[in-house]
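A.B. asks: Okay, handing you the structure first.
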Amino acid sequence: MSKRFESRVALVTGGARGIGRGVVERLAAEGAAVGIVDLRHDLAQAAADAVIEAGGRALAFGGDVSKRETLATAAVTLKEQFGSLDILVSNAMWVRYGPIAELTEETVQRMVGTGFMSVVWGIQVGAEHMTAGGSIVNIASAAAFLGIPQAMIYCGVKSGVLGLTRSAATDLGPRGIRVNAVAPGSVETEGVRINVDPEMVKLRIAKTPMRRLGQVDDIAAAVCYLASSDSSWVTGECIKVDGGVTHAFL
Ligand SMILES: NC(=O)c1ccc[n+]([C@@H]2O[C@H](COP(=O)([O-])OP(=O)(O)OC[C@H]3O[C@@H](n4cnc5c(N)ncnc54)[C@H](O)[C@@H]3O)[C@@H](O)[C@H]2O)c1
């Protein structure tokens, strides 16, 4: 594999498992030093240890991404340890689905905090610490383009992420910092196993033109394209990586 990220430093939120961990592994395999921020410090440390064992550079941070301080502290520490912050992947989100009438304030605030506010703080921290060539990649969802039943907050949060991405791209473009998004369809992760009924998973596969769930590496490949100089004239964009599900009527 070519080393597109030699001498680059990345921060990945929710990098302890699932899509985030796939992104961490791919960035590290291509030469990046990677900071992993996750509520599960133990799993973040395990992910960092795996990178280090494979000959890479990584640091784990435990913390809640809905708090600005978590991202700010990680960015400062990465700059101290590795010299810069060049790539920021806002991936972490806590998700629950359910009927509108059963949404509690706590659930809504946690979803908005982890899925939307964390992206705001990621952009702000990236803007503060990155120089020209920096790349921010926000993980949205196919849900940003669809009306999914019992997923009002999720669809709203992920649509909001696209708005943040477009606007921040116009603010930061003149400084040479790009802001893009990746919108995955259903990917085989712990998050999907917890939240989505197995029958619903079958239905989703049947409605997906490519007739399979996504794998974390499908998403990591698109994130790495946007993080790298291969996409140096792409900003404010969202790449759907969803097996075609957002184009399928039936
Ligand atoms: N898996 C899918 O099918 C799918 C589809 C579309 C979009 N996405 C998006 O991709 C991203 C990752 O999804 P996943 O399926 O890998 O999720 P996951 O639940 O498997 O992993 C999420 C990670 O985020 C961490 N996290 C949760 N709340 C946090 C907080 N407050 N602070 C710090 N870390 C926190 C978790 O500990 C976990 O390690 C999410 O933004 C999700 O909405 C996933």
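Just so it is clear, none of the values below were taken in a lab; they were calculated from the coordinates. Remember, predicted model here, so these are calculated numbers, not experimental data. Ideal geometry is used to build each Cβ from the backbone, glycine not excepted, and the neighbour counts take in all protein chains shown.
A.B. asks: Mean-square fluctuation check for the chain, GNM, Cα pairs under 10 Å: which of Ser141, Ser84, Ser232 is largest?
C.D. replies: Ser232
A.B. asks: Specify, per residue and in Å³, the volume enclosed by the convex hull of the alpha carbon atoms belonging to the stretch 184-239.
C.D. replies: Working: hull volume 5.4 nm³, N = 56.
It is 96 Å³ per residue.
A.B. asks: Find me the longest stretch of the chain that has none of the exposed chymotrypsin sites (Phe, Trp or Tyr not before Pro), where exposed means in a DSSP loop (not H, G, I, E or B) with at most 13 other Cβ atoms within 10 Å. Before the final figure, lay out each step's value.
C.D. replies: Values: sites that count: Trp233, Phe249.
In the chain, the maximal stretch lacking such sites is 1-232.
A.B. asks: Moving on. Once you compute Rg and the Kirkwood Rh from C-alpha atoms, what is the Rg to Rh ratio for the chain? Show your work: numbers first, answer last.
C.D. replies: Values: Rg = 17.0 Å, Rh = 17.9 Å.
Using only Cα positions, Rg/Rh for the chain is 0.95.
A.B. asks: Once every DSSP H run of n ≥ 4 in the chain is given -39500 (n - 2.57) and the sum is divided by its residues, what mean residue ellipticity at 222 nm do you get, rounded to the nearest 500 deg cm²/dmol?
C.D. replies: Working: 9 runs with 109 residues, N = 250.
Helices in the chain give a 222 nm mean residue ellipticity of -13500 deg cm²/dmol.
A.B. asks: For Met210 paired with Lys67, estimate the spin-label separation in nm (one decimal), with each label point 7 Å from Cα along the Cα-to-Cβ line.
C.D. replies: Computed distance between label sites Met210 and Lys67 equals 3.7 nm.
A.B. asks: Considering only C-alpha atoms, what is the centroid distance from the stretch 187-209 to the stretch 24-39, in Å?
C.D. replies: So the separation of the two Cα centres works out to 26 Å.
A.B. asks: Where does each of Arg21, Arg26, Arg4 land when they are ranked from fewest to most other beta-carbon atoms within 10 angstrom?
C.D. replies: Arg4, Arg26, Arg21
A.B. asks: Just to confirm the filter: which trypsin sites (Lys or Arg not before Pro) across the stretch 163-237 are DSSP coil and have at most 16 other Cβ within 10 angstrom of their Cβ?
C.D. replies: Values: sites: Arg166, Arg175, Arg178, Arg193, Lys202, Arg204, Lys207, Arg211, Arg212; in loops: Arg211, Arg212.
Loop-located and lightly packed - Arg211, Arg212.
A.B. asks: Taking other Cβ within 10 Å of each residue's Cβ, how do Thr208, Thr104, Thr73 sort, fewest first?
C.D. replies: Working: Thr208 20, Thr104 10, Thr73 15.
With the sparsest Cβ surroundings first, the list reads Thr104, Thr73, Thr208.
A.B. asks: Work out the P(r) tail for the stretch 143-202: percent of alpha carbon pairs separated by more than 14 Å, whole number. Write down the numbers at each step before the final one.
C.D. replies: On the way: 1159 of 1770 pairs.
The proportion of pairs with Cα distances above 14 Å equals 65 percent.
A.B. asks: Turning to a different aspect of this structure: Long-range amide H contacts for Leu59: which residues qualify at under 5 Å (H placed 1.01 Å from N, peptide plane, sequence gap of 5 or more or a different chain)?
C.D. replies: The list, which skips near neighbours in sequence, is Val34, Gly35, Ile36.
A.B. asks: Express in nm, to one decimal, how much length is gained between Met200 and Ala248 on full extension, taking 0.36 nm for each residue of separation and deducting their alpha carbon distance. All intermediate terms of the calculation are to be shown ahead of the outcome.
C.D. replies: Values: separation 48, 0.36 × 48 = 17.28 nm, distance 1.64 nm.
Contour length minus Cα-Cα distance gives 15.6 nm.
A.B. asks: Also, quick follow-up: Rank the residues Met130, Met210 as a footprinting-exposure proxy: fewest other Cβ atoms within 10 Å of their Cβ go first. Don't jump to the answer; show the numbers that get you there.
C.D. replies: Working: Met130 23, Met210 14.
Going from least to most buried by this count: Met210, Met130.
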